[in-house]
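First up is the structure itself, then whatever we jot down about it.
The values are calculated or read from the model by the stated rules, or taken from the named source; none is laboratory data. Remember, predicted model here, so these are calculated numbers, not experimental data. All Cβ positions, even for glycine, are placed from backbone atoms using ideal geometry, and neighbour counts span all protein chains on display.
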Amino acid sequence: MGRGATATAGLERRVRAISVRWGGGALFLMAALPLPFDVVGLSAGITRYPVWRFLVYVALGKIVKVTYVATVGGYGIAILAGIVG
């Protein structure tokens, strides 16, 4: 079902080209950025990207994002406590 919908628009060709060129780096970057991730997951499935590789890159990206948000949040609370204090 999904392949038929994307093949007609030529989307599958473009997604394959991006996946071949950028591969895991694109997955890592999209997982680390605060952007909607659904499209990346769908495109990885359409192009039959290896599941274990997908999970590794996505997990690393999510770890980076969560660590960044937690660190910034911690410092932000400390700064606000000093201001309001």
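Here's the yes/no breakdown for (1) at pLDDT 90 or above; (2) surrounded by fewer than 10 Cβ atoms within 10 Å (Cβ to Cβ); (3) part of a helix (DSSP H, G or I); (4) under 13 Å from the mean Cα position of the chain (by Cα):
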site	(1), (2), (3), (4)
Pro34	no, yes, no, yes
Val39	no, no, yes, yes
Leu42	no, no, yes, yes
Arg48	no, yes, no, no
Trp52	yes, yes, yes, no
Ala59	yes, no, yes, yes
Lys65	yes, no, yes, yes
Val72	yes, no, yes, no
So the check is Cβ under 9 Å with 6+ separation or different chains; which pairs have a first residue in region 5-21 that's assigned to a helix (DSSP H, G or I) and surrounded by 10 or more Cβ atoms within 10 Å (Cβ to Cβ) and a second one that's modelled with pLDDT under 65 and β-branched (Val, Ile, Thr)?
Glu12/Thr6; Val15/Thr6
